[in-house]
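The values are calculated or read from the model by the stated rules, or taken from the named source; none is laboratory data. Keep in mind the model is a prediction, meaning the values are calculated, not measured. Every residue, glycine as well, gets a Cβ built from its backbone with ideal geometry; the counts of neighbours run over all protein chains shown. Just the protein is used for accessible areas: all its heavy atoms, side chains included, with ligands, DNA and RNA removed. Shrake-Rupley method; radii C 1.70, N 1.55, O 1.52, S 1.80 Å.
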Amino acid sequence: MKTAIQFGAGNIGRGFIGMLLAQAGYRVVFADVSEVIIDRLAKDQGYTVHVMDTEVEDVVIKNITGIMSNGEEIIDEIANADILTTAVGLRVLGFIAPTIAKGIQKRIAAGSKTPMNIIACENAIRATSQLKEHVFDILDEEEKAYCEQYVGFADCSVDRIVPPVRSENPVDVVVEKYCEWNVEKASLKGEIPEIPGMNLADNLMAYIQRKLFTLNTGHCITAYTGMLSGHKTIDESIKDPKIYELVKAAMTQSGDGLIQRFGFDKEAHYKYIDKIINRFKNPYLQDDVARVGREPLRKLSADDRLISPLTTAMSYGLPVDKLILGIGAALRYNNPEDAQSMELQAKIKEKGVAAAFSEISGITDAALLEQVTKAYDQITELF
């Protein structure tokens, strides 16, 4: 049986990537720093994924185990793995890179010529390429040459809503039915893995941008306007007519930029927008607006879900007023339990909206900064 290493045994790791790998016949080794989760996975050798949608289904996942990601055992597992995936968050990739590098070095020492593919399944653009840089910073030239021949680093885009719903069993997880995993085919080494649910993509950036500019853009604007309106969950927020109207209009403006950049069929993309909004309406997920809105500094950075759609649409001379209102709502995100939210509000208090936003987003155009400031002032009147 082939072995897959899944770094990150959180909800995405268990409810999406690890699930697909196990269903494809891999022995899945979950690696994490949470002793509670790892001990339970190692003991039970399985868990249940509760698919909560218009159709409810319980999927039992087997042939899995759990080991600590900061121990020696994981290095042995990497030395013999066929595929390695991550769902740890972009900032954690640098922390797991030394362990991955040690696993690769052990493969080299053993004379292994069996290909291994590494796929960072993070909510970011080209996360695997970033992980590769971290790993290559550790390896010497001969070890890098080995990787170029036997270790694939394939970028991907991932899409599945997995809210932090507490189950009686701490390793069970709740997910929506919809999922999409697009992997850059050209970067894979050796025999192409056959994993139902994994789509091999030739134009990965189109998939990455489509997801970022649609799901992520709409999701966070729903969360920020939902919080301003006193709503607790995404499904509750999107049922609010004012929020629905703004979110759909912002997603449409974002989508129009995508259509220009990648030549997407306009009618098909608008249907995709409707499909995404219908996912927001799923009442079973009870997805908390504070969770979706967390880390606003990251979400307001130049390459992320609010600013990149804005600048893309502007580059084609397209309307962006609804996207700017969404940015205004993001700047209003005030959550004492979120460190980035507190930092954001402190910046605005110290420097003013325009200067704080410019520092975070990289936007320097005076006219655009003025529009964002007006949106910041107007958004509380609208919601």
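Structural remarks
- Neighbour net charge for Ile192 - beta-carbon separation under 14 angstrom, K R +1, D E -1: -2
- Local electrostatic count, Lys242, Cβ distance below 14 Å [Lys/Arg +1, Asp/Glu -1]: -1
- Estimated [θ] at 222 nm from DSSP helical runs (n ≥ 4, -39500 (n - 2.57)) normalised by residues in the chain, nearest 500: -15000 deg cm²/dmol
- Scanning residues 5 or more positions from Tyr47 or on other chains, those with amide H under 5 Å from its amide H are Ile61, with H placed 1.01 Å from N in the peptide plane.
- Each Lys or Arg adds one and each Asp or Glu subtracts one; over the other residues with Cβ under 15 Å from the Cβ of Asn63, this totals +2.
- Kirkwood hydrodynamic radius over Cα pairs of region 105-155, then Stokes diffusion coefficient at 25 °C and 0.890 mPa s, in µm²/s: 214
- Pairs of Lys residues in region 188-296 are counted when their Cα atoms are under 26 angstrom apart and they lie 8 or more places apart or on different chains; the count is 29.
- Evaluated at q = 0.08, 0.11 Å⁻¹, a Debye calculation over the C-alpha positions of the chain (equal weights, vacuum) places log10 I(q)/I(0) at -0.43, -0.81.
- For the chain, accessible area per residue (1.4 Å probe, heavy atoms of protein chains only), Å²: 43
- Near the amide H of Asn199, within less than 5 Å, lie the amide hydrogens of Trp181, Asn182, Val183, all on another chain or at least 5 residues away, with H placed in the peptide plane.
- Most to least packed among 120-132, 25-37 [average Cβ atoms within 10 Å]: 120-132, 25-37
- When the solvent-accessible area of the chain is split by element, carbon and sulfur atoms take up 49 percent of it, the probe being 1.4 Å.
- Estimated inter-spin distance, Val59 and Val36, nm [label 7 Å along Cα→Cβ]: 2.5
- Under 18 Å from the Arg261 label point (7 Å along Cα→beta-carbon), backbone N, region 155-197: 155-159, 182-184
- Extending 7 Å from Cα along the Cβ direction at Asp140 and again at His50 yields two label points whose distance is 5.3 nm.
- Under the span-like rule (Cα at least 30 Å along the axis, Kyte-Doolittle mean at least -1.0), DSSP H helices of the chain: 241-262
- For Lys374, a cut-off of 19 angstrom between C-alpha atoms picks up these aspartates and glutamates, skipping any fewer than 8 places away in its own chain: Asp321, Glu350, Glu359, Asp365.
- Here the spin labels are modelled as points 7 Å beyond Cα on the Cα-Cβ line, and at Glu133 and Lys113 they lie 3.3 nm apart.
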